[in-house]
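**Student:** Sharing a structure, written as structure tokens. Questions coming.
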Amino acid sequence: MNYLKKSLLQSSIMITFSVILTGCATWNTSEIANVRPTVQKLVVTEAKDIMLTEGDITDKKYIVLGDISVTVNKTTIFHPDPTKELVNVKLKEEAAKLGADAVTQIRYGTVGISMMSWGSLDGKGRAVQFSH
Amino acid sequence: MAKVVLFNLVINALVVTTLLTGCANRARDLPPDLSYLPVKERLLASDKESAEYCMTCATLETQLELTQKSILNVENQLSNIQASNQSKGSIGILLLPPVMLAMQNNDEITTEYRQLDEKKERILRIKNARECE
């Protein structure tokens with residue numbers, strides 16, 4: 001009986017800790033695929049200046065720099081769920097690293113529990129640079 | 001000893017069950033890059049076979065608004081499920097593990113979200129190709 005109690009306590013502690021540890025800090029992951037070499041000089045862009053659109057850009061010519069994929073995970077079970085705005089911020093940051101002027105074709109996943117966090121939301125977009 | 005093993009198995013099963021319900025769903029893959037084509041030709045083969053392809057600009061605009069409203073509605077439902085699952089998850093972990101079994105699956109609503117999102121994207125592509133507005 002004592003052994004059962006001890007085991008119960010150990011299991012509870014392990015589960016509690018693993019749950020807490022899966023969301024100890026704010027963290028994001030990102031990935032860039034299909035990166036295309038650009039003939040244009042890499043111009044450093046600021047994340048805040050990058051335009052985001054869920055559709056295509058038709059009034060300007062552009063070249064595609066790469067496809068960005070980001071995931072925002074909530075910190076602990078007690079933190080608010082990640083939002084599309086947080087995904088947008090991360091997309092802009094990644095696009096800025098590529099020297100992009102805009103991110104097109106943005107799409108989002110749905111918030112839910114993942115293996116690594118109690119709340120994850122991912123987003124994808126295509127980083128583009130306007131032809132100068 | 002056998003009871004302990006059984007107990008641990010039950011706990012593990014509950015944790016796995018919890019992790020498999022109400023899962024986050026990844027964003028759809030990006031469409032092929034059609035930027036090398038003239039704007040009017042930036043359509044997928046499936047767009048030309050869709051009901052939206054025959055619609056006028058005004059109808060497309062109305063459809064887009066309706067789809068966006070439906071998406072918002074579905075997102076609210078998903079966030080309610082997520083909140084409810086998290087409450088059950090915390091109660092299950094801290095107090096009563098079987099509560100985790102009551103966590104809701106969001107597969108159906110997620111499928112609906114994907115379909116609506118695809119529709120919105122299709123409308124946007126057709127609107128662009130038609131140069132509406």
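No value in this document is a laboratory result; all are computed from the given coordinates. Only a predicted model underlies this, so the values are computations on that prediction, with no experimental measurement involved. Cβ placement follows ideal geometry from the backbone for every residue including glycine, while neighbour counts extend to all protein chains displayed.
**Student:** Can you tell me how much longer the chain between B:Glu133 and B:Glu49 gets when fully stretched, taken as 0.36 nm per residue apart minus their C-alpha distance, in nm with one decimal?
**Tutor:** Net length gain for the segment: 28.0 nm.
**Student:** Among the lysines, select those whose C-alpha is under 25 Å from the C-alpha of A:Lys84, and discard any that sit fewer than 8 residues away in the same chain.
**Tutor:** In chain and number order, the partners are A:Lys48, A:Lys74, A:Lys92, A:Lys97, A:Lys124, B:Lys69, B:Lys88, B:Lys119, B:Lys120, B:Lys127.
**Student:** Kindly provide the chymotrypsin sites (Phe, Trp or Tyr not before Pro) of region A:75-123 that DSSP labels as loop, not H, G, I, E or B, and whose Cβ sees at most 11 other Cβ atoms within 10 Å.
**Tutor:** Here the chymotrypsin sites (Phe, Trp or Tyr not before Pro) that fit, given the DSSP loop and packing criteria, are A:Phe78.
**Student:** Here's a follow-up. Quickly estimate the mean residue ellipticity at 222 nm for chain B, helices only: each DSSP H run with n ≥ 4 gives -39500 (n - 2.57), and the total goes over all residues, rounded to 500.
**Tutor:** The helix contribution divided over chain B gives -22000 deg cm²/dmol.
**Student:** Now for a separate question. Using Stokes-Einstein with the Kirkwood hydrodynamic radius over Cα pairs, what translational diffusion coefficient do you get for chain B at 20 °C and a viscosity of 1.002 mPa s, in µm²/s rounded to a whole number?
**Tutor:** This corresponds to a translational diffusion coefficient of 119 µm²/s.
**Student:** Helix by helix, which DSSP H runs in chain B go 18 Å or more along their axis at the Cα atoms and have an average Kyte-Doolittle hydropathy of 1.0 or more?
**Tutor:** In chain B, the long hydrophobic H runs are B:2-20.
**Student:** Convex hull over the alpha-carbon atoms of region A:41-110: what's its volume per residue in Å³?
**Tutor:** Measuring per residue, one finds 93 Å³ for the Cα hull of region A:41-110.
**Student:** Work out from phi, with θ = phi - 60° and the Karplus expression 6.51 cos²θ - 1.76 cosθ + 1.60, the ³J(HN,Hα) of each residue of region A:114-130, listed in order in whole Hz, and give x for Gly and Pro.
**Tutor:** 10, 5, 9, 7, 7, x, 10, 9, 10, x, 10, x, 10, 7, 10, 10, 5
**Student:** About the Cα centre, and with charges only on the beta carbon of Lys, Arg (+1) and Asp, Glu (-1), how big is the dipole of region B:50-132? Nearest 20 debye, please.
**Tutor:** 60 debye
**Student:** Still on this structure, I have one more. How far is it, in nm, from the label point at B:Gln77 to the one at A:Met51 when both lie 7 Å from their Cα along the line to the Cβ?
**Tutor:** Distance between label points: 3.5 nm.
**Student:** Loop-only trypsin sites (Lys or Arg not before Pro) in region A:51-132, please: DSSP not H, G, I, E or B, and at most 13 other Cβ atoms within 10 Å.
**Tutor:** Filter output for region A:51-132: A:Lys60, A:Lys61.
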